[in-house]
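K.L.:
Have a look at this one before I ask anything.
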Amino acid sequence: MKLFSQTHVGSFALKHRVVLAPLTRMRTEPGNVPGDLMIEYYTQRASEGGLLITDATAVAPLGIAYVDAPGMWTREQVAGWKRVVDAVHAKGSLIFVQLWHAGRQAHAANTGGLTPVAPSALRSLEHAAIRDGQGQIVEAELPLPRELATDEVAAIVEQFRQSAMLAKEAGFDGVELHAANGYLFEQFLLDGSNHRTDAYGGSLENRAKFLFDTLDAVVEVWGPGRVAVRLSPSGTYGTMSDSDPHATFGYVAGRLNGYVLAYVHVIEPRIRGIDEREAAESEVSSKDIRRVFKGTLVAAGGFTRESAEQIVIDGHADLVAFGRMFLANPDLPERLRTGMPLNRYDRSTFYGGDARGYIDYPFATSRVSARQTADAATGEPA
Ligand SMILES: Cc1cc2nc3c(=O)[nH]c(=O)nc-3n(C[C@H](O)[C@H](O)[C@H](O)COP(=O)(O)O)c2cc1C
């Protein structure tokens, strides 16, 4: 299969094209620090010559939307991530960290009481995951965010630079900027959520300034071939809208050609956040980005073994990221290569909790993790 032919990301050689999509699983230790559970989870999914992308990892307390999501702003977080990275490297896989700022998707319960910030004081109608007084994880309405002052935007760019430096210390192979799914970069980029009149609002160039200023800073830290950007050009998750997505994302894709990136990662229109939806042919997809962006492209969103192979054969993408299927199948690349049946995923354990639905999905082969139980996951079909 073409999915199992060699390729590269930056100057790294890969043995196959099946990528672990970034997945928020809300299983850190206190302090938003990756611990043993996360080490086991990523180690299970690492394969020789493969590429893993981490959970969305906040660059600052204000960037956190979900309780027990990881961070990259303290020494403890760096030390925790280093243990993950070392374990993944020992299995011969690459690992990129997805750096994240939630903007208006954050909730004061997860930010140490700070009011969430956004380009404009416009609310998202999604929900945050917070811990209630009894310690239970519950959904909470998102508050009205505070509009960022102009100099505060430049300060967030610096937080990304700092976080990118810490990611380097942790030993990651590269960094993916989370400019998808309704978080802070996208809030600036789309005109439905950005009503600013300063240098970060109005024209397309101004709305893209926060993303490209950050990209400049992070590329300065990491150099060529080590930085990636994730986009959801037709995504509506996070109450997102834009008056002309083709123009917006055509412009962004064109400017990304000015960098030597590891890859650009595009979520297909058939996915909204983590759910399938009806998408029109006319919506912006990886094909549209491919026409403009000349570098390595990773496509994600609702792929099967067959459609992943087809998009690589057609040349519309170089690699394919899998989310729900990879969380339920720790040995997904091997199962896809050999055509083995897949475990089903259990939606009830996606976010938060313990080892269940996290590191106990069975391997198809005898390479079974010591901590794995014999229980097959149950739930919805994958
Ligand atoms: C539990 C869960 C958590 C997710 N967390 C993230 C995240 O942290 N960052 C991100 O960019 N996308 C996130 N996504 C979206 C996935 O990366 C992916 O785009 C989506 O699941 C569609 O791909 P799939 O059909 O292969 O699952 C998440 C999806 C799921 C199911």
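The values are calculated or read from the model by the stated rules, or taken from the named source; none is laboratory data. Bear in mind that the values here come from a model prediction, so they are computed numbers and not experimental data. Cβ atoms come from the backbone with ideal geometry, glycine included; neighbour counts cover every protein chain shown. All accessible areas refer to the heavy atoms of the entire protein, side chains included, with ligands and DNA or RNA removed. Shrake-Rupley method; radii C 1.70, N 1.55, O 1.52, S 1.80 Å.
K.L.:
Measuring from label point to label point, each 7 Å out along Cα→Cβ, what is the N206 to F12 span in nm?
P.N.:
Distance between label points: 3.8 nm.
K.L.:
Right, next: Amide H to amide H, which residues 5 or more places from A179 or on other chains are under 5 Å from it, using H placed in the peptide plane?
P.N.:
Here R230 satisfy the definition.
K.L.:
Sticking with this one: If you roll a 1.4 Å probe over the heavy atoms of the protein chains, what accessible area per residue do you get for the stretch 2-349, in Å²?
P.N.:
Here the per-residue accessible area is 36 Å².
K.L.:
Modelled label-to-label distance, K91 and S348, 7 Å Cα→beta-carbon offset: nm?
P.N.:
In this crude label model, K91 to S348 measures out at 2.7 nm.
K.L.:
I need the phi-derived Karplus couplings for the stretch 206-219: 6.51 cos²θ - 1.76 cosθ + 1.60, θ = phi - 60°, integer Hz, Gly and Pro marked x.
P.N.:
5, 5, 8, 4, 4, 4, 6, 4, 5, 4, 4, 5, 6, 5
K.L.:
Would you mind checking which residues have amide H under 5 Å from R272's amide H? H placed 1.01 Å from N; only 5 or more apart, or other chain.
P.N.:
Result for R272 returns R277.
K.L.:
Continuing with this model, one more query. What percentage of the solvent-accessible surface of the chain, computed with a 1.4 Å probe over protein heavy atoms, is contributed by carbon and sulfur atoms?
P.N.:
52
K.L.:
Could you work out how far the C-alpha centroid of the stretch 139-177 sits from that of the stretch 8-26, in angstrom?
P.N.:
Answer, in whole Å: 22.
K.L.:
Right, next: Mind pulling up the Rg/Rh value for the stretch 156-280? Radius of gyration and Kirkwood radius, both on Cα.
P.N.:
0.97
K.L.:
What list of ³J(HN,Hα) values in whole Hz, one per residue of the stretch 12-26 in order, does the Karplus curve 6.51 cos²θ - 1.76 cosθ + 1.60 (θ = phi - 60°) give from phi, with Gly and Pro shown as x?
P.N.:
Karplus-based 3J(HN,Hα) across the stretch 12-26 equals 7, 7, 10, 8, 8, 10, 9, 10, 6, 5, x, 9, 6, 10, 6 Hz.
K.L.:
Label point 7 Å out from H195 along Cα-to-Cβ: which residues of the stretch 227-256 have amide N under 16 Å?
P.N.:
Hits in the stretch 227-256 for H195 at 16 Å: 239-243.
K.L.:
If you don't mind, another one. Mind telling me which of P22, P330, P341 comes out most flexible in a GNM of the chain, alpha-carbon contacts under 10 Å?
P.N.:
Looking only at P22, P330, P341, the biggest GNM fluctuation is shown by P341.
K.L.:
Using a simple spin-label model with points 7 Å from Cα along the Cα→Cβ vector, what separation in nm is obtained for D216 and S243?
P.N.:
2.6
K.L.:
Additional query: When Lys and Arg each count +1 and Asp and Glu each count -1, what net charge do the other residues less than 15 Å away from A106, Cβ to Cβ, add up to?
P.N.:
Here the count lands on -3.
K.L.:
Defining a contact as two alpha carbons under 8 Å apart and six or more residues distant in sequence, what relative contact order in percent does the chain show?
P.N.:
16
K.L.:
What are the ³J(HN,Hα) values, in whole Hz, obtained from phi via the Karplus relation 6.51 cos²θ - 1.76 cosθ + 1.60 with θ = phi - 60°, for each residue of the stretch 232-247 in sequence order, with x given for Gly and Pro?
P.N.:
For the stretch 232-247, the Karplus curve yields 10, x, 10, x, 10, 4, x, 6, 8, 7, 9, 6, 7, x, 4, 5 Hz.
K.L.:
If you put +1 on each Lys and Arg Cβ and -1 on each Asp and Glu Cβ, how big is the dipole of the chain around its Cα centre, in Debye rounded to 20?
P.N.:
820
K.L.:
Report the gain in length on full extension from I137 to R75: 0.36 nm times residue separation, minus Cα-Cα distance, nm rounded to one decimal.
P.N.:
19.7 nm
K.L.:
Please enumerate, by chain and number, the aspartates and glutamates with C-alpha under 13 Å from the C-alpha of K91, excluding those fewer than 8 residues away in the same chain.
P.N.:
E40, E48, D331
K.L.:
Estimate the FRET efficiency between L125 and E276 by the formula 1/(1 + (r/R0)^6), using the beta-carbon distance for r and 25 Å for R0, to the nearest 0.05.
P.N.:
It comes to 0.80.
K.L.:
Related question: Please work out whether the stretch 80-212 counts as rounded, prolate or oblate from its C-alpha gyration tensor, where a ≥ b ≥ c are the square roots of the eigenvalues and a/c under 1.5 means rounded, while otherwise a/b larger than b/c means prolate and anything else oblate?
P.N.:
oblate
K.L.:
Pick out, from A328, N194, L99, the residue whose Cα sits farthest towards the positive end of the charge dipole of the chain, with +1 on the Cβ of Lys and Arg and -1 on the Cβ of Asp and Glu.
P.N.:
A328
K.L.:
Something else about it: Based on DSSP H runs of at least 4 residues, each adding -39500 (n - 2.57), what is the mean residue ellipticity at 222 nm of the chain after dividing by all its residues, to the nearest 500 deg cm²/dmol?
P.N.:
-8500 deg cm²/dmol
K.L.:
Rounded, prolate or oblate: pick one for the stretch 2-349, where a ≥ b ≥ c are the square roots of the eigenvalues of its C-alpha gyration tensor, a/c under 1.5 means rounded, and failing that, prolate if a/b is larger than b/c, else oblate.
P.N.:
It is rounded, given that a/c, with a ≥ b ≥ c, falls under 1.5.
K.L.:
Also, quick follow-up: From Cα pairs below 8 angstrom and at least 6 apart in sequence, can you work out the relative contact order of the stretch 17-78, rounded to a whole percent?
P.N.:
It comes to 42 percent, rounded to a whole number.
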